[in-house]
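Undergrad: Before anything else, here's the structure in question.
The values are calculated or read from the model by the stated rules, or taken from the named source; none is laboratory data. These figures come from a predicted structure and were not determined experimentally. Glycine also receives a Cβ, built like all others from the backbone with ideal geometry; neighbour counts cover every protein chain displayed. What goes into the accessible areas is simple: the full protein's heavy atoms, side chains included, and nothing from ligands, DNA or RNA. Shrake-Rupley method; radii C 1.70, N 1.55, O 1.52, S 1.80 Å.
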Amino acid sequence: GQVVREPAVGNGRLDLCIVYQGFKYPVELKIRYDSKTLHKGLEQTALYMDKYDCKEGWLVIFDRRKSVSWSKKIYQKKYIVDGKTVTVAGA
């Protein structure tokens, strides 16, 4: 596979695109600033998935809050957004 830094897609900027066996997987990276980060990140990732005609993508959210334990910051969960699967990884 390849990791490609895409300069821009649509109205925003895609952080990374993984190309593996002919398929593209958009990867959006976010820093958690508030409770809206997840929702906004899911929408943005789904937009990139539409542009690439993908059914799967990734959203990685970095949580820098000191008040939250690492055991709660590290997670992986799948969301369905407009029929597409977005895997969210917390870090």
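Undergrad: In this structure, does G57 turn out to be in contact with a strand residue (DSSP E or B) (Cβ under 9 Å, 6 or more places away or on another chain), touching a residue at least 40 places away in the same chain (Cβ under 8 Å) and open to solvent by less than 20 Å² (accessible area, probe 1.4 Å)?
TA: Details: in contact with a strand residue (DSSP E or B) (Cβ under 9 Å, 6 or more places away or on another chain): yes; touching a residue at least 40 places away in the same chain (Cβ under 8 Å): no; open to solvent by less than 20 Å² (accessible area, probe 1.4 Å): yes.
In short, no.
Undergrad: Here is a check on your reading of the model: is V68 free of Cβ contacts under 8 Å to residues at least 12 places away in the same chain and more than 13 Å from the chain's Cα centre (by Cα)? Working first, answer last.
TA: Numbers: free of Cβ contacts under 8 Å to residues at least 12 places away in the same chain: yes; more than 13 Å from the chain's Cα centre (by Cα): yes.
Taking the combined requirement at face value, the residue satisfies it.
Undergrad: Under the condition of being among the aliphatic types (A, V, I, L, M) and open to solvent by less than 30 Å² (accessible area, probe 1.4 Å), which residue from the stretch 27-49 is nearest to the chain's Cα centre (by Cα)? Show your work before the answer.
TA: Residues of the stretch 27-49 among the aliphatic types (A, V, I, L, M): 27, 29, 31, 38, 42, 46-47, 49.
Add one more test, that the residue is open to solvent by less than 30 Å² (accessible area, probe 1.4 Å), and what stays is 27, 42, 46, 49.
Working: V27: 5, L42: 7, A46: 9, M49: 10 Å.
In this case the residue turns out to be V27.
Undergrad: Moving on. Kindly evaluate Y52 against the criterion of being open to solvent by less than 90 Å² (accessible area, probe 1.4 Å), of a type in the set (F, W, Y), within 17 Å of C17 (Cβ to Cβ) and touching a strand residue (DSSP E or B) at 6+ places or on another chain (Cβ under 9 Å). Working first, answer last.
TA: Details: open to solvent by less than 90 Å² (accessible area, probe 1.4 Å): yes; of a type in the set (F, W, Y): yes; within 17 Å of C17 (Cβ to Cβ): yes; touching a strand residue (DSSP E or B) at 6+ places or on another chain (Cβ under 9 Å): yes.
For Y52, the condition - open to solvent by less than 90 Å² (accessible area, probe 1.4 Å), of a type in the set (F, W, Y), within 17 Å of C17 (Cβ to Cβ) and touching a strand residue (DSSP E or B) at 6+ places or on another chain (Cβ under 9 Å) - is met.
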